[in-house]
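Student: I have a structure here, written as structure tokens, and I will follow up with some questions on it.
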Amino acid sequence: MTEKHWQFYTAATAVIAVLVSVYCLSEDITGIFVHLYYIPILIASYQYRERGLLLSLFLVMVYLLLVFFYFPGNAQALIEGCIRGVALMAIAAIVAVLSGRIQAHVDALQREIDGHKKTEEALRQSESRYMELSITDDLTGLYNQRHFYNLLQAEIERSERYGRPLSLLLLDIDDFKHFNDTYGHMEGDRVLERIGATIQRCVRRTDWAFRYGGEEFTVFMPETEGDQAEVVAERIRVEFAAERFRPIPGYEESKTVSIGIAGYRPGEDMKDFINRADRFMYEAKKRGKDQVCSSA
């Protein structure tokens, strides 16, 4: 509860308790009615603990003053009032202590639950991260070959089911082995990183890009006819050819890529689909490299 709630409850409790006490004493009422006076005290002790005990003490003192006022010189009534007040304070103290212990256990349990939730969330994030790493190529940031086969099969099935077009690009960096052997694997890795970034820039949000293996890359494009796929392939080819590499100081070199495109044929096996794209890629190399060759 807020501080305003506490202040309101304190005032209301005091007023109600005093009114009940005055009424009971003035009418000389005993028994169950006078115990109405205890209820707000016990509630305050349970809800507010230390502050509740202070409120309880205040109300007991008011009660004793009222007893003394209504029964002046009546030692028996005063003694009974004192006994009742002491008993009431003892009960209020016990209730406050038990409330504190209960709250401590509740807080500990809540912390444990929160800890379990944090652990579960960390495990979920770790699992998600592990899954992402298991399907991603570390060097290029593209998906890896294993993920390629799983997704392509699912996309082929969807294309078969709904009769929708599907295009596949297969890319190979021209003369990459020579570059790698000449300048070393670190420089070769820079070329791979750059082609990965180029592919990511050029493909659409609905396309899927993968490192197929070595210097080969692949992109499959759902809902895409051959001519549309050729536009994307040309964009990749042109942008990658514009990249500049400096494998040694004072020397600048560019690299190119050959791309083959195949459109999925209804009833075609996934292996045959990939092989057709592969054949067109090698056809692009035969024609002089740095080209796009399509079945369209």
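The values are calculated or read from the model by the stated rules, or taken from the named source; none is laboratory data. The structure displayed is predicted, hence computed values, not measured ones. We place every Cβ from the backbone using ideal geometry, glycine too, and count neighbours over all the protein chains shown. Side chains included, ligands, DNA and RNA excluded: accessible areas come from the protein's heavy atoms. Shrake-Rupley method; radii C 1.70, N 1.55, O 1.52, S 1.80 Å.
Student: When you check V231 against the structure, is it free of Cβ contacts under 8 Å to residues at least 40 places away in the same chain and either within 17 Å of T256 (Cβ to Cβ) or among the β-branched types (V, I, T) (or both), yes or no?
Tutor: Details: free of Cβ contacts under 8 Å to residues at least 40 places away in the same chain: yes; either within 17 Å of T256 (Cβ to Cβ) or among the β-branched types (V, I, T) (or both): yes.
So V231 fits the description; yes.
Student: Now for a separate question. Consider A296 against the criteria (1) modelled with pLDDT under 95; (2) in a strand (DSSP E or B); (3) under 17 Å from L171 (Cα atoms): it satisfies all of them except one. Which criterion is unmet?
Tutor: Condition (2) is where A296 drops out.
Student: Being open to solvent by 10 Å² or more (accessible area, probe 1.4 Å), in a helix (DSSP H, G or I) and over 20 Å from R158 (Cβ atoms) is the requirement here; does E252 meet it?
Tutor: Working: open to solvent by 10 Å² or more (accessible area, probe 1.4 Å): yes; in a helix (DSSP H, G or I): no; over 20 Å from R158 (Cβ atoms): yes.
Considered against the rule, which asks whether it is open to solvent by 10 Å² or more (accessible area, probe 1.4 Å), in a helix (DSSP H, G or I) and over 20 Å from R158 (Cβ atoms), E252 comes out as no.
Student: Hey, does segment 174-184 have a residue that's among the aromatic types (F, W, Y), touching a residue at least 12 places away in the same chain (Cβ under 8 Å) and closer than 26 Å to E283 by Cα?
Tutor: Checked against the condition, which is being among the aromatic types (F, W, Y), touching a residue at least 12 places away in the same chain (Cβ under 8 Å) and closer than 26 Å to E283 by Cα, segment 174-184 yields at least one hit.
Student: For segment 260-295, enumerate the residues that are under 14 Å from E234 (Cα atoms) and surrounded by fewer than 18 Cβ atoms within 10 Å (Cβ to Cβ).
Tutor: Hit for segment 260-295 is K289, nothing else.
Student: Hey, another quick one. What's the number of the only condition in (1) open to solvent by 50 Å² or more (accessible area, probe 1.4 Å); (2) not in a strand (DSSP E or B) that T198 fails to meet?
Tutor: Of the numbered conditions (1) open to solvent by 50 Å² or more (accessible area, probe 1.4 Å); (2) not in a strand (DSSP E or B), the odd one out for T198 is (1).
Student: Let me ask something else about it. Could you tell me whether F210 is in contact with a His (Cβ under 9 Å, 6 or more places away or on another chain) and open to solvent by less than 20 Å² (accessible area, probe 1.4 Å)? Break it down into steps so the answer makes sense when it comes.
Tutor: Details: in contact with a His (Cβ under 9 Å, 6 or more places away or on another chain): yes; open to solvent by less than 20 Å² (accessible area, probe 1.4 Å): yes.
When the stated conditions are applied, F210 passes them.
Student: Answer with yes or no whether L168 is in contact with a Leu (Cβ under 8 Å, 6 or more places away or on another chain), at pLDDT 95 or above and under 17 Å from R235 (Cα atoms).
Tutor: Against the criterion (in contact with a Leu (Cβ under 8 Å, 6 or more places away or on another chain), at pLDDT 95 or above and under 17 Å from R235 (Cα atoms)), L168 qualifies.
Student: What number of residues within segment 152-189 satisfy the criterion of being assigned to a helix (DSSP H, G or I) and surrounded by 15 or more Cβ atoms within 10 Å (Cβ to Cβ)?
Tutor: Count: 10.
Student: Among the residues of segment 210-254, write down those that are among the β-branched types (V, I, T) and over 20 Å from L170 (Cβ atoms).
Tutor: I248
Student: Is there a residue in segment 237-247 that is at pLDDT 95 or above, farther than 19 Å from D189 by Cβ and of a type in the set (K, R)?
Tutor: yes
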